[in-house]
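Chemist: Submitted below is the structure of interest, expressed as structure tokens.
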Amino acid sequence: MDLSIVLSILLGFVVSAVAGRLLIPVLRRLKAGQAIKEIGPTWHMTKQGTPTMGGLMFIIAIAVVLVVIGWKDLMAGRLGGLYTYLFALVFGAIGFLDDYMKVKKKENTGLTAGPKFLLQLAAAIVFTILLRNEGYLSPDLYIPFVNVTFQLPWVVYMVFAAFVMVGTVNAVNITDGIDGLSSSVTVPVAMFFTIVAVQWDRGEIGVVSGALVGGLLGFLIYNFHPAKVFMGDTGSLFMGGMVCGLAFALDMPLILILVGIIYIAETLSDIIQVTYFKATHGKRIFRMAPLHHHFEMGGWSEVKLVVVFTSVTVVFCVLAYLGVTNRFPV
């Protein structure tokens, strides 16, 4: 792998780990503790007050890598990585506002759904237009494995892109429900995009995705069970923005179906549970939704859940890699 990518991963890890040592005591002093929903598993109430907004660790780490390792790309006008980071940063800012309101009110309710959705939708539309104008994005949908593309009208593609981006970001947010889960699941996803970016000669994007790999590993030092800090919506919305931003910056959004299999399963379990509950006036399919809580209620430990869900993601990322190898330039 290219040296700059290796350095991006290492620097991202170091900066995130160091930022955690400095940030967590500050969050404790500010009493920025997470409020736990009473409708969740009862044993989660012991996590009440754990510092939140820890996602700032890897957000800062990626910014440092972008400037230090990605400076040559920025000066050469290769801005795909910067655009992806800024896109994710908008979602991180929305999440930060959400977290701030939760901390201020001392309850697990922040921004209302309407304003949050509109802000996310606006970010998705602007990012799509920017990628198109900069030549990173085409209206051709690439289908993995068969190496076929089909073209959509730009208006249709814009609607599709906005739906996928907003959906992905919120699916990643839903996955952030137990110690270390969403960050662990996202490490192989980010590694997949890093490898693809390098092999597809998009090193400026590889630097940012590599920084995400390192940043999340540094964050996991503090977030793995038992968590000393949560990423909060600040981190989960930013992370979701990075995942879908990387997919679109590499012009392969459909690959999210494979690499994001856990995000999709978590979201579908939530939708199915709510729909079935309303249709049957109180009956449930899952013990509790989203899916990770279903397995928790069945006796799975948080560590087992993280290991199994991450392993599934690794398998699907390998399949995704095999599915897109035909698209790599020879």
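Chemist: Relative to the first principal axis of the alpha-carbon coordinates of the chain, what is the inclination of helix 80-105, with its axis defined by its Cα atoms, in degrees from 0 to 90 and to the nearest 10?
Modeler: Between the helix axis and the principal axis of the chain, the angle is about 10 degrees.
Chemist: Once amide H atoms are built 1.01 Å from N in the peptide plane, which residues 5 or more positions from Met288, or in another chain, come under 5 Å H to H?
Modeler: Result for Met288 returns His294.
Chemist: With the dipole of the chain worked out from charges on the C-beta (+1 for Lys and Arg, -1 for Asp and Glu) around the Cα centre, which of Ser301, Leu10, Gly214 lies farthest toward the positive end?
Modeler: In the chain, that residue is Ser301.
Chemist: Further question on the same structure: Going by amide H atoms built from the backbone, whose H comes under 5 Å of the H on Gly54, apart from near neighbours?
Modeler: Amide H neighbours of Gly54: Phe230, Met231, Gly232.
Chemist: Towards the positive end of the charge dipole of the chain, with charges on Cβ (+1 Lys, Arg; -1 Asp, Glu), say which of Val64, Asn133, Gln199 has the farthest Cα.
Modeler: Val64
Chemist: Next up: For the Cα atoms of the chain, what angle does the longest principal axis make with the long axis of helix 203-223, in degrees from 0 to 90, nearest 10?
Modeler: Approximately 20 degrees, to the nearest 10.
Chemist: Can you list the HN-Hα couplings for region 270-283, worked out from phi with the Karplus curve (6.51, -1.76, 1.60; θ = phi - 60°), rounded to whole Hz and with x for Gly and Pro?
Modeler: 5, 5, 4, 4, 5, 4, 5, 4, 6, 5, 9, 6, x, 7
Chemist: Set the Förster distance to 35 Å, then compute FRET efficiency between Lys228 and Val155 from the Cβ-Cβ distance, nearest 0.05.
Modeler: Computed FRET efficiency for Lys228 and Val155 comes out at 0.15.
Chemist: Helix 302-324 versus the longest principal axis of the chain: what is the Cα-based angle in degrees, 0 to 90, to the nearest 10?
Modeler: Long axis of 302-324 versus the principal axis of the chain: about 20 degrees.
Chemist: Once the Cβ-Cβ distance between Thr112 and Leu319 is put in as r, and R0 is 35 Å, what FRET efficiency do you end up with, to the nearest 0.05?
Modeler: Once rounded, the FRET efficiency stands at 0.35.
Chemist: Something else: From the phi angles alone, apply the Karplus equation (6.51, -1.76, 1.60; θ = phi - 60°) to region 177-186 and give each ³J(HN,Hα) in whole Hz, x where the residue is Gly or Pro.
Modeler: Computed from phi, the couplings for region 177-186 are x, 9, 4, x, 5, 5, 5, 5, 5, 7 Hz.
Chemist: Another question about this same structure. Would you kindly derive the ³J(HN,Hα) couplings of region 241-248 from the backbone phi angles with the Karplus curve 6.51 cos²θ - 1.76 cosθ + 1.60 (θ = phi - 60°), listing them in order in whole Hz, with x for Gly and Pro?
Modeler: Result, ordered by residue: x, 5, 4, 6, x, 5, 4, 6 Hz.
Chemist: Cβ under 15 Å from Met165's Cβ, Met165 left aside: what net charge do those residues give with Lys, Arg +1 and Asp, Glu -1?
Modeler: It works out to a net charge of +1.
Chemist: On to the next question. Given contacts defined as C-alpha pairs under 8 Å and at least six residues apart, what's the relative contact order of region 267-329, whole-number percent?
Modeler: That works out to 20 percent.
Chemist: Explain nothing, just the number: relative contact order of the chain, from Cα pairs under 8 Å at least 6 residues apart, as a whole percent.
Modeler: Contact order relative to length: 28 percent.
Chemist: Then there is this: Put +1 on the Cβ of every Lys and Arg and -1 on every Asp and Glu Cβ in region 214-294; which of Ala249, His281, Ser269 then has its Cα farthest towards the positive end of the dipole?
Modeler: Checking the options against the dipole of region 214-294, the answer is His281.
Chemist: Evaluate E = 1/(1 + (r/R0)^6) for Leu268 and Arg28, where r is the Cβ-Cβ distance and R0 equals 45 Å; express this FRET efficiency to the nearest 0.05.
Modeler: Working from the Cβ atoms, E equals 0.80.
Chemist: Next question. Could you tell me what a quarter of the Cα convex hull surface of region 87-237 works out to, in nm² with one decimal place?
Modeler: Mean shadow area of the hull around the Cα atoms is 10.1 nm².
Chemist: Here is a further query. Decide, for region 188-330, between rounded, prolate and oblate: order the square roots of the alpha carbon gyration tensor eigenvalues as a ≥ b ≥ c, take rounded if a/c falls under 1.5, and otherwise choose prolate if a/b is larger than b/c, else oblate.
Modeler: prolate
Values in this text are rule-based calculations from the coordinates and carry no lab data. The structure displayed is predicted, hence computed values, not measured ones. Glycine gets a Cβ as well: all are built from the backbone with ideal geometry, and neighbour counts include every protein chain shown.
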